[in-house]
Amino acid sequence: MNALAAEKDVVGEEHWTRKGEDVDLFLWEKYVGKPQGKKGTVLFVHGSSMASTPTFDLQVEGRPFSSAMNYFAVQGYDTWCVDMEGYGRSTKTRDITCDISNGADDLAAATDYIEKTRGGGPLLVYGISSGALRAALFTQRHPERVKRLALDAFVWTGEGSPTLEDRRKKLPQFLGTNRRPMDYAFVQSIFNRDHPGCAEDKVVDAFAKAICALDDSMPNGTYIDMCSKLPLVDPEKIPVPTIIMRGQYDGIAGFEDLTRFFEKLPNPDKTFAVMSGISHASFQQKNYMLVYHILGGFFAQPEPLYKGE
């Protein structure tokens with residue numbers, strides 16, 4: 001596939017919806033041709049320290065399909081992402097920490113809008129890091145809206161996570177304010193803490209600049225939740241087909257923690273994928289096409305004809 005030629009055919013469209021009476025949520029959609037009649041509708045859910053478009057629609061010169069949205073749009077999907085409350089272009093004015101539960105509420109509002117606007121039926125949902133927690137909790141609350149669920153860099157109880165162990169030392173600081181500062185150096189630290197070398201410098205640079213162009217601070221709610229309130233999700237209440245995606249070097253997602261979660265998922269249509277050479281921010285890694293391949297295979301997997309008695 002000629003990636004540059006294919007990406008030129010991708011169309012982007014801005015959307016807005018309202019959560020409650022005083023929160024505006026920004027949504028971004030990308031597709032090829034027309035949004036109707038696609039293989040499926042994908043909703044990407046971002047993490048704690050960045051808005052949606054830097055994560056899922058990043059542009060890096062000389063790096064084909066740096067935008068995951070472009071990649072999946074070219075594969076024939078209608079793709080969406082949404083800025084959670086407190087991030088990017090969405091409302092940042094309420095005096096709250098924007099925790100995981102609030103993010104699941106954002107996804108409920110976003111999926112209401114997507115269904116009314118496009119009518120794509122149950123969605124293919126991908127969440128990364130705290131976005132995976134948001135996506136999982138949303139699915140627990142609204143399983144009828146999710147066709148297949150992908151949880152990347154997920155954390156269940158937090159056991160076996162050196163990143164969270166270190167982050168808990170700052171919990172009093174996080175509890176003292178709704179937001180924490182965000183700058184270029186912090187984004188760089190994400191790629192140095194687990195296994196330096198997993199991402200190209202030019203990609204980290206583009207990612208950091210895109211994040212900081214939208215935000216100079218981030219909500220503390222997901223950090224507080226992940227440091228002091230886990231587990232937030234009950235795997236036995238997630239009935240949909242699910243994939244757990246774990247980077248080889250990820251310091252957030254403890255391997256044994258994830259296998260225990262995986263064992264409790266009730267749907268037999270489930271997959272556990274270890275991604276070689278990947279640390280935490282998988283779409284920004286050198287092996288990003290491997291990640292797309294794993295995720296694309298899961299989204300395109302046919303329903304089993306025989307399901308037992």
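The values are calculated or read from the model by the stated rules, or taken from the named source; none is laboratory data. In this text, all values refer to a predicted model and were calculated from it rather than measured experimentally. Glycine also receives a Cβ, built like all others from the backbone with ideal geometry; neighbour counts cover every protein chain displayed. Only protein heavy atoms, including side chains, enter the accessible area calculation; ligands, DNA and RNA are left aside. Shrake-Rupley method; radii C 1.70, N 1.55, O 1.52, S 1.80 Å.
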Scanning region 68-83 for residues that are assigned to a loop (DSSP other than H, G, I, E, B) and touching a Leu at 6+ places or on another chain (Cβ under 6 Å) gives none
Does Gly86 satisfy the condition of being surrounded by 24 or more Cβ atoms within 10 Å (Cβ to Cβ), part of a loop (DSSP other than H, G, I, E, B) and in contact (Cβ under 8 Å) with a residue 40 or more places away in the chain? yes
Within region 79-106, the residues that are within 28 Å of Lys38 (Cβ to Cβ) and in contact with a Cys (Cβ under 7 Å, 6 or more places away or on another chain) are Met84, Glu85
All-but-one check, Tyr113 against (1) open to solvent by 30 Å² or more (accessible area, probe 1.4 Å); (2) touching a helix residue (DSSP H, G or I) at 6+ places or on another chain (Cβ under 8 Å); (3) touching a residue at least 40 places away in the same chain (Cβ under 8 Å); (4) in a helix (DSSP H, G or I), failing number (2)
All-but-one check, Thr157 against (1) more than 19 Å from the chain's Cα centre (by Cα); (2) over 16 Å from Trp80 (Cα atoms); (3) of a type in the set (S, T, N, Q), failing number (1)
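So, in region 143-193, exactly how many residues are in a helix (DSSP H, G or I), of a type in the set (Val, Ile, Thr) and over 30 Å from Ile114 (Cβ atoms)? Step through it out loud before you land on a result.
Taking region 143-193 and keeping what is in a helix (DSSP H, G or I), we get 143-145, 162-175, 184-190.
Filter once more, so that each one left must be of a type in the set (Val, Ile, Thr): 163, 187, 190.
Restricting the remaining residues to those that are over 30 Å from Ile114 (Cβ atoms) gives 163.
Counting residues in region 143-193 that are in a helix (DSSP H, G or I), of a type in the set (Val, Ile, Thr) and over 30 Å from Ile114 (Cβ atoms) gives 1.
The rows are residues; the columns are (1) over 17 Å from the mean Cα position of the chain (by Cα); (2) among the aliphatic types (A, V, I, L, M).
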| site | (1), (2) |
| --- | --- |
| Pro219 | no, no |
| Lys229 | yes, no |
| Gln248 | yes, no |
| Ala253 | no, yes |
| Asp257 | yes, no |
| Phe261 | yes, no |
Within region 205-231, residues open to solvent by 50 Å² or more (accessible area, probe 1.4 Å) and closer than 14 Å to Ala132 by Cβ come out as Pro231
Conditions (1) closer than 15 Å to Ser129 by Cα; (2) assigned to a loop (DSSP other than H, G, I, E, B); (3) β-branched (Val, Ile, Thr) -> Val240 fails only (1)
Check: So is Thr79 surrounded by 24 or more Cβ atoms within 10 Å (Cβ to Cβ), at pLDDT 95 or above and either of a type in the set (Gly, Ala, Ser) or touching a His at 6+ places or on another chain (Cβ under 7 Å) (or both) or not?
Finding: no
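Restricting the search to region 91-110, which residues are part of a helix (DSSP H, G or I) and either among the aromatic types (Phe, Trp, Tyr) or surrounded by fewer than 23 Cβ atoms within 10 Å (Cβ to Cβ) (or both)?
Those that are part of a helix (DSSP H, G or I) and either among the aromatic types (Phe, Trp, Tyr) or surrounded by fewer than 23 Cβ atoms within 10 Å (Cβ to Cβ) (or both): Ser101, Asn102, Asp105, Ala108, Ala109.
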Subset of region 195-233, residues free of Cβ contacts under 8 Å to residues at least 12 places away in the same chain and touching a Phe, Trp or Tyr at 6+ places or on another chain (Cβ under 6 Å), comes to none
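Restricting attention to region 276-303, report how many residues are in a loop (DSSP other than H, G, I, E, B) and either among the charged types (D, E, K, R) or open to solvent by 60 Å² or more (accessible area, probe 1.4 Å) (or both). It would help to see each step written out before you state the result.
Within region 276-303, the subset in a loop (DSSP other than H, G, I, E, B) is 276-281, 285-287, 301-303.
Within this subset, residues satisfying the condition of being either among the charged types (D, E, K, R) or open to solvent by 60 Å² or more (accessible area, probe 1.4 Å) (or both) are 276, 286, 301-303.
Result for region 276-303: 5.
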Restricted to region 117-142 and to residues being outside any helix (DSSP H, G or I) and not hydrophobic (A, V, I, L, M, F, W, C), the residue most open to solvent (accessible area, probe 1.4 Å) is Pro122
Selection from region 162-179 of residues out of contact with any helix residue (DSSP H, G or I) (no Cβ under 7 Å at 6 or more places or on another chain) and either buried (at least 16 other Cβ atoms within 10 Å of the Cβ) or not acidic (Asp, Glu) (or both) yields Pro162, Thr163, Lys169, Lys170, Pro172, Gln173, Gly176, Thr177, Asn178, Arg179
